[in-house]
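The values are calculated or read from the model by the stated rules, or taken from the named source; none is laboratory data. All of these numbers come straight from a predicted model, not from anything done at the bench. As a convention, Cβ positions derive from the backbone with ideal geometry for all residues, glycine included, and neighbour counts pool all protein chains shown.
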Amino acid sequence: MITNKIRLCILATLLMLTGITQASVVSTFNPTSLFLSITRISQTGNSVNVDIGISGLASGTAPSLGGYDVNLSFDPSYLSLAGVAFGDAVLGNQLDLASLGSTTIAELTGVGVVNLFELSGDTAEDLNTLQADSFNLATVTFDVLNVGTSLLQLDLNALADADGNTLSAITVSVPVTTVPLPSAFLLMGPTLAGLMFAGKRRKEDFRV
């Protein structure tokens with residue numbers, strides 16, 4: 001397990017080694033206008049998908065996002081981590097615009113805490129020029145354990161732009177209401193369908 005301090009060192013070191021850091025870059029961008037939030041929650045059957053997104057970046061210029069380290073806390077009595085998919089389902093992975101690959105880590109770092117870490121392998125020029133100003137970072141999928149409302153909380157460990165500068169962002173947490181599909185209904189479904197079909201056949205035979 002990689003600690004947060006080690007993650008921060010990796011983030012800073014790799015940004016410099018990949019040539020992303022540019023001390024000459026001057027930006028008047030206000031970092032407090034960045035928002036890191038849960039943009040969408042959807043449930044299909046017994047699975048809940050949680051989209052985590054960032055908004056407020058510049059469009060076609062610096063700053064863009066070069067890497068992040070984020071914790072998503074959830075109530076383990078309601079949800080169980082099933083998987084993580086990095087990138088935006090519509091826009092693609094905005095930290096891998098040149099298809100060079102990005103460094104990604106997704107793991108449970110505590111009870112009810114999943115850590116998401118991603119570092120872009122793209123150049124600062126590509127990120128600043130091509131990256132969207134708002135997009136989803138990742139989709140976290142949970143299995144539903146119980147019905148009810150619980151809190152999903154985002155905590156920012158580190159955020160860096162393509163030029164190696166530290167960014168700050170306002171994090172937004174939201175409640176999630178889970179409504180699992182009753183297993184009893186799933187078991188009864190085929191039986192009920194069979195009874196309805198059999199009843200229809202008997203009715204048609206009676207008419208004949």
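Rundown of residues vs (1) at pLDDT 95 or above; (2) under 19 Å from the mean Cα position of the chain (by Cα); (3) at negative phi; (4) surrounded by fewer than 13 Cβ atoms within 10 Å (Cβ to Cβ), yes/no style:
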residue: L97; (1), (2), (3), (4): yes, yes, yes, no
residue: I105; (1), (2), (3), (4): yes, yes, yes, no
residue: V111; (1), (2), (3), (4): yes, yes, yes, yes
residue: L127; (1), (2), (3), (4): yes, no, yes, no
residue: S134; (1), (2), (3), (4): yes, yes, yes, no
residue: F142; (1), (2), (3), (4): yes, yes, yes, no
residue: Q153; (1), (2), (3), (4): yes, yes, yes, no
residue: I170; (1), (2), (3), (4): no, yes, yes, no
residue: V208; (1), (2), (3), (4): no, no, yes, yes
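Tally up the residues in segment 40-64 that are surrounded by 22 or more Cβ atoms within 10 Å (Cβ to Cβ) and more than 15 Å from the chain's Cα centre (by Cα), please.
Residues flagged as surrounded by 22 or more Cβ atoms within 10 Å (Cβ to Cβ) and more than 15 Å from the chain's Cα centre (by Cα) within segment 40-64 amount to 3.
Within segment 72-79, can one find any residue that is outside any strand (DSSP E or B) and under 18 Å from L159 (Cα atoms)?
Within segment 72-79 (the criterion being outside any strand (DSSP E or B) and under 18 Å from L159 (Cα atoms)), the answer is no, since none of the residues qualifies.
Look at segment 155-164 and say how many of its residues are of a type outside the set (A, V, I, L, M, F, W, C) and at pLDDT 95 or above.
3
Output yes when any residue across segment 89-104 is hydrophobic (A, V, I, L, M, F, W, C) and part of a strand (DSSP E or B), and no when none is.
Checked segment 89-104: no residue is hydrophobic (A, V, I, L, M, F, W, C) and part of a strand (DSSP E or B).
For G121, which of the numbered conditions (1) under 23 Å from S168 (Cβ atoms); (2) not in a helix (DSSP H, G or I) fails to hold?
(1) is the only condition that G121 fails.
Return yes or no: is A193 under 22 Å from S80 (Cα atoms) and either surrounded by fewer than 14 Cβ atoms within 10 Å (Cβ to Cβ) or at pLDDT below 95 (or both)?
For A193, the condition - under 22 Å from S80 (Cα atoms) and either surrounded by fewer than 14 Cβ atoms within 10 Å (Cβ to Cβ) or at pLDDT below 95 (or both) - is not met.
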